[in-house]
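See below for the structure under consideration.
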Amino acid sequence: MNLNPSTPQPLYMQIRQMLKNDIQHGRYKPDEQIPTEAELCDIYNVSRITIRKAIEELVREGALTRIPRRGTFVASNKFHNELLSVSGFSEFSHQLGMIPNSRILRSNVIEATEEVAGHLAIEAGSPVLELERLMYVNERPLFYDIAHYSLTRFPDLEKKIAMNESTYKILAEEYGTEIVSNDKEIDVISATQDYAKLLECDVGANLFRILKVAFDAKDEPVHLSTFMCETNRVTLTVHRAKQADY
């Protein structure tokens, strides 16, 4: 398809359609960076303003996404996260057929606030591990997570947490604790400048904010997590439950 300057359709709309066709036909794949604005100007022999308008249209449609300081990428395929699942990020990654990859941003021993203590059923001021991490899929951060664990219940946990190792696996093998259920609260917030930098998204982008309290077989809280992800990258699902027998 060649540009036709004599048609009533603006050039930027023609380029938008060409780029969209390239995405649909697999020339540019999900999470792949497209050529820079300067390179596209050379490819189509048009001005940067024209290219920018075409890209803005595709960003608005959700076909492309801008990542600050990196460039413009084809939008990711959406990942489906089962809301009722009790699996951790490592298990979630394996379900998608991917190797989990996470980066610990901060690991501190702090005193439990009233809020954290209430969720973990411990006394305020008790020692807790505050673990801040980024979880990656296809080399892009998918989840930003802040988790809290009682160090009274899990002594020395801060020394056993390692990069890319499942926290749930550590809890099971080192402390004999299995996660069997969780409660989740979900709302949507706008990405602040800090969140946008961490998740490589635009400031103001819609984020799922999910507060999760995980429980063991005795219905005792194991950890509190607050994690965030872009709404256009994750679909939250609830599978139909089977009718109980009476």
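The values are calculated or read from the model by the stated rules, or taken from the named source; none is laboratory data. Here the structure is a predicted model, which means the values were calculated and not measured. FYI the Cβ positions are ideal-geometry reconstructions off the backbone, even for glycines, and counts take in every protein chain you see. Each accessible area value is taken on the protein alone, full model and side chains, heavy atoms only, with ligands, DNA and RNA left out. Shrake-Rupley method; radii C 1.70, N 1.55, O 1.52, S 1.80 Å.
Odds and ends about this structure:
- Subset of the range 23-49 that is more than 15 Å from Thr65 (Cα to Cα) and open to solvent by less than 30 Å² (accessible area, probe 1.4 Å) - its residue that is farthest from the chain's Cα centre (by Cα): Val46
- The C-beta contact set for the range 118-132 (first residue at positive phi, second residue open to solvent by 60 Å² or more (accessible area, probe 1.4 Å) and part of a strand (DSSP E or B), distance under 7 angstrom, 6+ apart or interchain) comprises Gly125/Glu111.
- Looking only at residues in the range 104-124 that are under 21 Å from Phe143 (Cα atoms) and among the aliphatic types (A, V, I, L, M), the one that is least open to solvent (accessible area, probe 1.4 Å) is Val116.
- Single match in Gly97, Gly71 (criterion: modelled with pLDDT of 85 or more, on the phi > 0 side of the Ramachandran plot and not polar (S, T, N, Q)): Gly71
- Number of the condition not met by Thr65 [criteria: (1) part of a strand (DSSP E or B); (2) β-branched (Val, Ile, Thr); (3) modelled with pLDDT of 90 or more]: (3)
- Subset of the range 171-197 (residues that are touching a residue at least 40 places away in the same chain (Cβ under 8 Å) and over 26 Å from His119 (Cα atoms)): Ala196, Lys197
- For the range 198-216, residues that are under 16 Å from Met135 (Cβ atoms), without any contact (Cβ under 8 Å) to a residue 40 or more places away in the chain and open to solvent by 40 Å² or more (accessible area, probe 1.4 Å) total 1.
- Of the residues Asp219, Asp145, Asp245, the single one that is at pLDDT 90 or above and surrounded by fewer than 14 Cβ atoms within 10 Å (Cβ to Cβ) is Asp219.
- None of Tyr12, Tyr44 is of a type in the set (Phe, Trp, Tyr) and out of contact with any Leu (no Cβ under 7 Å at 6 or more places or on another chain) except Tyr12.
- All helices (runs of 4 or more DSSP H) inside the range 115-224 with 2 or more residues being under 30 Å from Thr65 (Cβ atoms): 193-199
- Count of residues meeting criterion [open to solvent by less than 60 Å² (accessible area, probe 1.4 Å), modelled with pLDDT of 90 or more and within 15 Å of Phe215 (Cα to Cα)] in the range 155-176: 3
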